[in-house]
Amino acid sequence: MAKKIDRYTFEQSLEQLQEVVKMLESGELSLEESIELYQKGMDLAKQCHTKLEDAEQKVQQVVRENGNYHIESFEVKDGDK
């Protein structure tokens, strides 16, 4: 049985997402295959986003526990995309 996406590590999700992009960009897939793969890519992207949010929360918790309450947002700026 294939590994579920939600069990991938961040690195595994990102690697899988990169593979999905390569396959979609190849132009060698049927429309149905492309749609199915696109959905998988969207699921992987969501998983990556969730894992990054979780990591941000953990970092903020560590900062609070160490008495340093100066927490800056990790938001991506338009130029960083």
Restricting attention to the stretch 5-23, the residues that are of a type in the set (Asp, Glu), surrounded by 11 or more Cβ atoms within 10 Å (Cβ to Cβ) and within 10 Å of the chain's Cα centre (by Cα) number exactly 1
Out of (1) in a helix (DSSP H, G or I); (2) modelled with pLDDT under 95, the one Leu17 does not meet is (2)
Residue pairs qualifying under the 9 Å Cβ cut-off, at least six apart or on distinct chains, with the first in the stretch 24-41 being surrounded by 11 or more Cβ atoms within 10 Å (Cβ to Cβ) and the second being of a type in the set (Gly, Ala, Ser) and at pLDDT 95 or above, are Leu24/Ser34; Leu24/Gly41
All-but-one check, Ile5 against (1) touching a helix residue (DSSP H, G or I) at 6+ places or on another chain (Cβ under 9 Å); (2) modelled with pLDDT of 95 or more, failing number (2)
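The values are calculated or read from the model by the stated rules, or taken from the named source; none is laboratory data. Keep in mind the model is a prediction, meaning the values are calculated, not measured. When we count neighbours, we look across all protein chains shown, and the Cβ atoms used for this are built from the backbone with ideal geometry, even at glycine.
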